[in-house]
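Please read the structure below before turning to the comments.
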Amino acid sequence: MRYAFAASLALLAFSPAQPAPYDLLLRNGRIVDGTGSAWFAGDVAIRGDAIAAIAPRIEGPATRVIDLQGQVVAPGFIDIHTHARRGISEVPTADNYVRQGVTTVIEGPDGSSPLPLAPFLEQMERLQKSVNIASFVGQGSIRDAVVGNTNRKATPEEVQKMVGLVEQGMKDGALGMSTGLFYVPGTFTPTEEVIELAKAAGRLGGMHESHQRDDAAKLLDSVNETIAIGEKGHLPTQISHAKVVGVANWGRSADMLLLVDQARGRGVDVTIDQYPYTASSTSIASALIPAWVLEGGRQATLARLKDSGSREKAKGGIAMMIRDERGGGDPKNVQFASCGFDPKLNGRTLADAIKQRGFEPTLERAAETTLWIVEQGGCQGIFHAMSEDDVVRIMQHPATMIASDGEVPAFGRGNPHPRSYGTFARVLGVYVREKHVLTLEDAVRRMTSFPAARMGLHDRGVLRPGMKADVTIFDPVRVRDVATFTAPHQYAEGFSFVLVNGQVVFEGSDMTAARPGRVLYGRGKR
């Protein structure tokens, strides 16, 4: 009995001295912690779904130890602007994002979101997925539900109903409210109406992000409007996928950024996100067809185009858009991403489509062919109309973070913009390693802690004990984007491990069976 008692005392004395084993120990990493601070050499230990320790050397026992041999260890990248609901239910592994280090995708941009939001988030909770997902609530979707797809001011009663829908979206878990003032029906919304809805999002801890009304001739007016929504709505405001469209407007990024600096100087919390390409992507109709033609939906549009006077007027507007704005001055600069009515057009250009119809690719023929495409059912397009100098200038601004504006494509289907496969790898490979536009530490900050802080995701975005273990590991010498505009279905290279909530979802060259992704909620629900 005496010996049993002594043994028990010895066991009690010994047990507290034994540290609980780590689930994973990442050794010999080049730690870029997401804050923008200089990298340092060290180990990262993970227990459960969180980071347990970071130190120059960690000696505790671990279920698995990985020697990284000097590769970069960074927080998982957070993509603040995606259209991930296009495809994530079909491809819940989101390979295109994970393979470039993205661990969290944010839905509901450009004023478009599921409405109500709660059923979508519940569906995402049930979905076994490899990435975290969150969402904004879309002002355009709300306006369509209350006012309709029509060009008129909302009544005071309708405004209050829309405010209620914003509040409900925030309580359902939205991170804020997005606007797509370039798109129908958002484009029909007066600024004052947007501000009233923005106030509701702000009261519940949300932010505002906007696809502005115009990125071309009226760029500066649009920037001022985005700033005013934040300033008068009393909430953080963000210029989404900031760009300058149309050769005549190239260089005006300097004026745009001056407006941002002036607003920030007087206390407006305005920021920017951007993808690292000189081409944009949206539907052919949204990019090239005047909004008045699209009012009322597809049947109203088709009826309108049967009227010869309306058709000629529409063609004039389309020709202007091709000449001066998203068409980049030439039909060959409009590329088709996906055309349901004729998949053979995928990857081809508007100039090709005109020639296929037996005509020379003039502006007039381009306008007529654009209407024909819309009448056939429409296409998604890629529009080569931006300047590399503007891309670099915007990227270097301290208020800019990185976002893809991409989706979750089915591998090999269509000819999507390569940003879905390459955005984050491209920044690291081209703009950090090759062009020295950003330092490695600053680029990682713009992909991690910056967007996390912007959306109030305070347990992610930084490598620090207690934070969630969303981690990406890559070789800074090898990391690169491979996807191109003519061959987009190519995964990024140079990433060796990606962890989501402490579990390895990508290793070596393969996705794993782990599905640890979660739905992340905004302050209104939390």
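Any idea which of ILE473, GLY76, ALA55 is furthest toward the positive side of the dipole for the chain, if Lys and Arg beta-carbons carry +1 and Asp and Glu beta-carbons -1?
About the Cα centre, the residue reaching furthest to the positive side is ALA55.
Using the basic label-point model (7 angstrom from Cα toward the beta carbon), what is the HIS436 to ASP261 distance in nanometres?
That separation, rounded to one decimal, is 2.3 nm.
Taking θ as phi - 60°, what are the ³J(HN,Hα) couplings along segment 503-518 by the Karplus curve (6.51, -1.76, 1.60), each to the nearest whole Hz, with x for Gly and Pro?
The phi angles translate into 10, 6, 9, 9, 8, x, 10, 10, 6, 9, 7, 5, 9, x, x, 10 Hz.
Name the shape class, rounded, prolate or oblate, that the alpha-carbon gyration tensor gives for segment 22-81, where a ≥ b ≥ c are the square roots of its eigenvalues, rounded holds for a/c under 1.5, and otherwise prolate holds if a/b is larger than b/c and oblate otherwise. It would help to have the intermediate numbers written out before the result.
Numbers: a/c = 2.05, a/b = 1.36, b/c = 1.51.
Verdict is oblate for segment 22-81.
From the helices alone, meaning DSSP H stretches of at least four residues, give me the mean residue ellipticity at 222 nm for the chain, per-run term -39500 (n - 2.57), in deg cm²/dmol to the nearest 500. Before the final figure, lay out each step's value.
Values: 18 runs with 180 residues, N = 526.
The helix-only estimate for the chain comes to -10000 deg cm²/dmol at 222 nm.
For ASP459 and THR191, what is the calculated FRET efficiency with R₀ set at 45 Å and r taken between the beta-carbons, to the nearest 0.05? Let's see the in-between values first.
Working: r = 35 Å, r/R0 = 0.78.
E between ASP459 and THR191, to the nearest 0.05, is 0.80.
Quick check: the angle from helix 156-172's long axis to the longest principal axis of the chain, C-alpha only, nearest 10 degrees?
Roughly 30 degrees, rounded to the nearest 10.
How high is the relative contact order of segment 186-315, in percent, counting Cα pairs under 8 Å that sit 6 or more residues apart?
Once divided by the residue count of segment 186-315, the mean separation gives 20 percent.
Stretched out fully, how many nm does the piece from ARG311 to GLU59 gain, at 0.36 nm a residue minus the Cα gap? Can you show the working numbers first?
Details: separation 252, 0.36 × 252 = 90.72 nm, distance 7.37 nm.
That pair, ARG311 and GLU59, stretches by 83.4 nm at full extension.
Placing +1 at every Lys and Arg Cβ and -1 at every Asp and Glu Cβ, with all other atoms neutral, what dipole size does segment 212-319 have around its Cα centre, in debye to the nearest 20?
Numbers: 13 positive and 12 negative charges, 89 e Å.
Approximately 420 debye in magnitude.
Roughly how many nanometres apart are two label points built 7 Å out from the Cα toward the Cβ at TRP250 and GLU507?
The answer from the label model is 4.8 nm.
Kindly express, to the nearest 10 degrees and within the range 0 to 90, the angle between helix 117-126's C-alpha long axis and the longest C-alpha principal axis of the chain.
Taking the Cα atoms of the chain, the angle to 117-126 is about 40 degrees.
To the nearest 0.05, how large is the calculated FRET efficiency for ARG298 and TRP372 if R₀ is 25 Å and r is the Cβ-Cβ distance? Before the final figure, lay out the partial values.
Values: r = 15 Å, r/R0 = 0.59.
My answer for the efficiency is 0.95.
Which one, ALA319, THR155, SER308, projects farthest toward the positive side of the charge dipole computed for the chain from Cβ point charges (K/R +1, D/E -1)?
About the Cα centre, the residue reaching furthest to the positive side is THR155.
Need one number: the % of Cα-Cα pairs in segment 94-165 sitting beyond the 20 Å mark. All intermediate terms of the calculation are to be shown ahead of the outcome.
Numbers: 1108 of 2556 pairs.
The answer is 43 percent, as a whole percent.
I'd like the orientation of helix 253-265 relative to the chain: the angle between its Cα long axis and the longest Cα principal axis, in ° from 0 to 90, rounded to 10.
60 degrees
Rounded to the nearest 10 Å², what accessible area does PHE411 show when all protein chains are kept and the probe is 1.4 Å?
PHE411 exposes around 120 Å² with every protein chain in place.
Just read off the accessible area of LYS218 with the full protein assembly in place, 1.4 Å probe, to the nearest 10 Å².
Per-residue accessible area (LYS218): approximately 130 Å².
Apply the a/c threshold of 1.5 to the C-alpha gyration tensor of segment 160-263 and tell me whether it is rounded, prolate or oblate.
Values: a/c = 2.41, a/b = 1.87, b/c = 1.29.
It is prolate, given that a/c is not under 1.5 and a/b is the larger ratio.
Could you give each residue of segment 196-213 its phi-based ³J(HN,Hα) in whole Hz, using Karplus coefficients 6.51, -1.76, 1.60 with θ = phi - 60°, and x for Gly or Pro?
After applying 6.51 cos²θ - 1.76 cosθ + 1.60, I find 4, 6, 5, 4, 5, 5, x, 4, 9, x, x, 10, 10, 10, 9, 7, 5, 4 Hz.
Under a crude label model (7 Å from the Cα following the beta-carbon direction), how far is PHE341 from GLN123 in nanometres?
Each label point lies 7 Å from its Cα, and together they span 2.7 nm.
Antiparallel versus total DSSP beta bridges in the chain: what percent is that, nearest 5?
Details: 38 of 69 bridges.
Once the DSSP bridges in the chain are tallied, antiparallel ones form about 55 percent.
For a quick check: with amide H placed at 1.01 Å from N, whose amide H comes under 5 Å from ALA50's, ignoring anything fewer than 5 positions away on the same chain?
ALA469
What is the Cα centroid distance between segment 447-505 and segment 98-134, reported in whole angstrom?
16 Å
The values are calculated or read from the model by the stated rules, or taken from the named source; none is laboratory data. Treat the numbers as computed from the prediction; the structure is a model and nothing was measured. Virtual Cβ from ideal backbone geometry, glycine too; neighbours counted across all protein chains shown. When the accessible area is computed, the model is the full protein with side chains, heavy atoms only, and any ligands, DNA or RNA have been set aside. Shrake-Rupley method; radii C 1.70, N 1.55, O 1.52, S 1.80 Å.
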